[in-house]
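The values are calculated or read from the model by the stated rules, or taken from the named source; none is laboratory data. Bear in mind that the values here come from a model prediction, so they are computed numbers and not experimental data. For accessibility, only protein heavy atoms count, side chains too; no ligands or nucleic acids. Shrake-Rupley method; radii C 1.70, N 1.55, O 1.52, S 1.80 Å.
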Amino acid sequence: SLTASGTTLLAGTFGGVFRSTDGGLTWTVVTTQPTDPSILSLAAGGTTLLAGTDGSGVFRSTDDGLTWTAATTQLTNPGILSLAASGVTLLAGTDGFGVFHSTDGGLSWTAATTQPTDPSILSLTASGTSLLAGTFGGVFRSTDGGLSWTAATTQPTDLNINSLTASGTTLLAGTFGGVF
């Protein structure tokens, strides 16, 4: 996983978090790592960086990724497959328990009241005022800050949405069958 915070780039690997401050030419391992080195997802929201791990939940950093502390007290599943940020709203997509959101920099998390029909949230992104979640069952959309989710009206022909990104008004979905 990759994210940018200002001029700092971060890469999450199964060996921990790495940082680059020279546009990705050189990378250094972060000395104070999350306790679980299997980083599945990263996101930057304001001054807060989030790292989602394979089995220990979410970790947060407020010093540009130099140090990390656990931020998972309300998450019911420690496997965090995806993370996203939209303004002050932070989203965590879990492995089998749906979407959680935070509006206090990742200090507390609340489950969405209406979840996508597939609770394994493989990818998350923001597009304008909409939040989008990719699952094994297609794309889901939220327009209320991640509190409730509904299936997108039109779906890609391959419903396994492994990755999502938005560029202006264009949304791209990466699937096992290609890009839509």
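Based on the convex hull around the alpha carbon atoms, the chain presents an average projected area of 9.5 nm².
Counting heavy atoms of the protein chains only and a 1.4 Å probe, report the per residue accessible area for region 54-114 as a whole number of Å².
Working: 2430 Å² over 61 residues.
Counting only protein heavy atoms, the per-residue value for region 54-114 is 40 Å².
Rg then Dmax, both in Å and based on the Cα atoms of region 9-51: 10.2, 27.
I'd like to know how region 30-135 sits against the 2.2 N^0.38 Å rule of thumb: what's its Cα Rg over that expected value?
Values: Rg = 12.4 Å, N = 106, 2.2 N^0.38 = 12.9 Å.
Against the compact-globule rule of thumb, the ratio is 0.96.
With one equal scatterer per alpha carbon and no solvent term, the Debye-computed log10 I(q)/I(0) for region 51-107 at 0.15, 0.16, 0.28, 0.29 1/Å reads -0.37, -0.42, -1.24, -1.31. Restricting the calculation to alpha carbons of region 89-164 gives Rg and Dmax of 11.3, 38 angstrom.
Relative contact order for the chain: 12 percent, from Cα pairs under 8 Å spaced at least 6 residues apart, divided by residue count.
Ordering Ser61, Ser167, Ser5 by how much accessible area each has at a 1.4 Å probe, largest first, what is the list? Each step should come with its number before you reach the end.
Values: Ser61 0, Ser167 85, Ser5 25 Å².
If we order Ser61, Ser167, Ser5 from most to least accessible, we get Ser167, Ser5, Ser61.
Counting only protein heavy atoms and a 1.4 Å probe, tell me what percentage of the chain's accessible area is made up of carbon and sulfur.
Here carbon and sulfur together make up 57 percent of the probe-accessible area.
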